[in-house]
Amino acid sequence: MPKLTVDGVEVEVPPGSTVLQACEAAGAEVPRFCFHDRLSVAGNCRMCLVEMEKAPKPVASCAFPAGDGMVIHTKSEVARKAQKGTMEFLLINHPLDCPICDQGGECDLQDQAMGYGYHSTRYDENKRAVTDKYMGPLVKTIMTRCIHCTRCVRFSTEIAGVTDMGMLNRGEDAEITTYLEKALDSELSANVIDLCPVGALTSKPYAFVARPWELKKTETVDVMDAVGSNIRVDARGAEVLRVLPRLHEDVNEEWISDKTRYACDGLKRQRLDRPYVRRDGKLQPASWPEAFAAVAGAMKGLKGDQMAAIAGDTVDAEAMYSLKRLMGEFGSTNLDCRQDGAKIGGPRAGYLFNTTIAGIEDADAILLIGTNPRWEGSLVNARIRKRWMQGPVSIGLIGAPVDLTYDYEHLGAGPKTLSEIADGSHAFAKVLKAAKRPMLIVGMGALAREDGAAVLAAARRIADDSGMLIAAAKDDDGNEIAAWNGFNVLHTAASRVAGLDLGFVPGADGRDVAGIVEGASSGAVKLVYLLGADEVDSDFGDAFVVYQGHHGDNGAHGADVILPGAAYTEKDGLYVNTEGRVQMGVAATFPPGEAREDWKILRALSEAVGKTLPFTTLEDVRAAMRKDHPSFAAIDTIEAAAWGEFGVAGATDDAPFAYPVDNFYMTDPISRASKTMAECTEAFVLPKREAAATGTNG
């Protein structure tokens, strides 16, 4: 390992490190614009020039390999003069319009100009002007500010996997653009805004909305998918103005999807802010006591098997636990958190992403079964691409061919191919067996079918036969806990794993979602409680429907009573991501109007119906929940799940797997209410649908 001396401090760095990384290890600050830890080295901006003894001139530390015996000076007269000279050159053509720039207050150029810039310029010539480029509904461009660091180009090519961006021309005429000046078509496109060190790429929906010092910043987690991306919610007053990524190496690194970032404007549209009760065939505003009285009246005299509850995709764990306890007081086991009818449950290892998202980087063979991770878990797909970029890896897909931003082998369309791999007769079975760290990912497109349990069993067989489990130890019951478990389920709902952990599934003789719908239609189920359940597009017949949620979406339309709840940015709550990682959601604002946190509504309702739940605070709920379900005790940790029996062996349908997400930008009540997501749908989704319908390459 090379040893260097940086500003008099001796430091040892790993082989392959750069001088810049050695300087950071020694605690020296070196300015930079083009360098980024997760992107390839470009060496464009030259801001990181430092003095190296015996070198004829300052060296670009970001691109210069660290060598044994080097003596580096970052604060010498030579280094400071080089850095200040570079800054002066960068500002020759920069418009200096900080007062009207959306990056003002969060701009690397602005900050570094304070430390390394001159108080005035020596250049009187006219500044260069560059035409702004169209990059879609999310990214606003002011290209005159661009310093050609190419961070955006490298991100879109290397991380996002789209080749739409690049630099045209040379010298004074160089410009960053999308080659045909089309919209930047990627689910991760807006991350270029965070990467841009100047104000050349800014947020179009957020333009001229607020300054950073006006905002209250709250660290929480995302619920737009099951990845559990760590985010920061910035709010002013009662309104969420923007969502930014928060660093979490094991989950989302420092990226978030465009839906996570921009669906937040849907939080202020189509909101339920007061209770409603259906009178004379119409929903009428009501008080909380009136709404509770209507629910209590509907429950009066009903038996447990005449009631049912369905939990939605963005519900917090405390709310599901409270509803389960309330339904249990009536003796009802008709519970389900699987709105899509996915055939999953049983041992925890049978419904988790056991490899973990970060563990994808260790895999050397990947089988995708009925999943389009680019739309179902964009950050999971980015992690697969990262693994693909690092070196040889065999990737196979069973399902319809889609652009996943990396090379893969299309193996087949449905269960027939899966059975061939499970039987060992398919060539890819040999690839999995030969791999040292094989893994598979099963999506809801394979599990949310009538034969989903049989598909799950076939996937389990592949895991067993391909050596996807490398045992490390045994639990107290003698079950093996794997050091490497290559069996993974990619969920699409943020609440799904928590619901399964809580046992929010049919109990003995209980009904699942399909059974609840059938029971309501036949009259066997008299009351259906929808807890944020908006994806059950079914007629519940004459059953009394209670909807508790935050948007006037599908679930509220046919309800007899509406109880307004809080969205994820308006309540403290626990969520469990697809890996089984328990994460803490934190309220950034208050619910609108008379809306309340979901567990509080259920606690008040339990009192109104004479089945008072035994908790009065959120901590009481969590204490009771952790006592009954210990997996919720540890926050932001992964506990390996014991391998067990799951899935049901049986015949499978030959119908091809159909992906569950047909519009990435609208998958839940919040994103469906978002104006920005509607613009993205119009720009990216509808043209492809029209092209597919007409057989053209639109």
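The values are calculated or read from the model by the stated rules, or taken from the named source; none is laboratory data. Quick caveat: nothing in here was measured; it's all calculated off a predicted structure. Cβ placement follows ideal geometry from the backbone for every residue including glycine, while neighbour counts extend to all protein chains displayed. The accessibility values were calculated without ligands, DNA or RNA, using every heavy atom of the protein model including side chains. Shrake-Rupley method; radii C 1.70, N 1.55, O 1.52, S 1.80 Å.
Computed from Cα positions, the angle between helix 77-90 and the longest principal axis of the chain comes to roughly 70 degrees.
When both the stretch 73-121 and the stretch 650-698 are represented by their alpha-carbon centers, they are found 45 Å apart.
How many angstrom separate the Cα center of the stretch 534-579 from the Cα center of the stretch 191-247? Answer, in whole Å: 26.
Selection among Ala226, Tyr568, Ser606 by position relative to the dipole of the chain gives Tyr568 as farthest towards the positive end (Cβ unit charges, Cα centre).
Adding -39500 (n - 2.57) for every DSSP H run of four residues or longer, then dividing by how many residues the chain holds, sets the calculated 222 nm ellipticity at -7000 deg cm²/dmol. At the residue level, Cys107 shows approximately 10 square angstrom of accessible surface with a 1.4 angstrom probe and all protein chains present. Partners of Lys526 within straight-line reach, counting lysines whose Cα lies under 19 Å from its Cα and excluding those fewer than 8 residues away in the same chain: Lys300, Lys303, Lys324, Lys611. Ranked by solvent-accessible area (1.4 Å probe, protein heavy atoms only, all chains present), the residues Trp375, Trp599 order from largest to smallest as Trp375, Trp599.
Across the alpha-carbon set of the chain, the Rg to Rh ratio works out to 1.01, Rh being the Kirkwood radius. Take the alpha-carbon centre of the stretch 157-175, take the same for the stretch 272-292, and report the distance between them in whole Å. One Cα centre to the other: 56 Å. In this structure, Ala658 and Glu409 have a Cβ-Cβ separation that, at R0 = 22 Å, corresponds to a calculated FRET efficiency of about 0.60.
In this simple spin-label model, placing a label point 7 Å from the Cα along the Cα-to-Cβ direction at both Glu158 and Asp124 gives a separation of 4.3 nm.
Within 10 Å, count the other beta carbons around each residue, average over each peptide in 84-92, 278-286, 29-37, 567-575, and list them highest first.
Listed from highest to lowest mean packing, they are 567-575, 29-37, 84-92, 278-286.
Going by a ≥ b ≥ c, the root eigenvalues of the Cα gyration tensor, does the stretch 31-168 fall in the rounded group (a/c under 1.5), the prolate group (a/b larger than b/c) or the oblate group? Because a/c hits 1.5 or more and a/b fails to exceed b/c, the stretch 31-168 counts as oblate. Bridging of Lys84 to lysines at a Cα separation below 20 Å is possible for Lys57, Lys75, Lys127, once same-chain residues fewer than 8 apart are set aside.
Going by accessible surface with a 1.4 Å probe and the largest first, Asp403, Asp340 read Asp403, Asp340. For the pair Lys3 and Val41, a Förster radius of 35 Å applied to the C-beta separation gives a FRET efficiency near 0.95, rounded to the nearest 0.05. On full extension of the chain, what length is gained from Asp509 through Ala174, given 0.36 nm per residue of separation minus the C-alpha to C-alpha distance? Once the chain is fully extended between Asp509 and Ala174, it gains 113.7 nm.
With a Förster radius of 41 Å, plug the Cβ-Cβ distance of Phe89 and Ala238 into 1/(1 + (r/R0)^6) and report the FRET value to the nearest 0.05.
Calculated value: 0.35.
For the chain, take the longest principal axis of its alpha carbons; what is the angle in degrees between that and the long axis of helix 317-329, to the nearest 10 within 0 to 90? Around 10 degrees separate the two axes. Each Lys and Arg adds +1 at its Cβ and each Asp and Glu adds -1 at its Cβ; summed about the Cα centre, the chain shows a dipole of about 960 debye.
In the stretch 342-408, one over the average inverse separation of all distinct C-alpha pairs is 12.8 Å, which is the Kirkwood hydrodynamic radius. Here's the list of lysines a cross-link from Lys430 could span, going by alpha-carbon distance under 29 Å and ignoring same-chain residues fewer than 8 apart: Lys343, Lys386, Lys416, Lys474.
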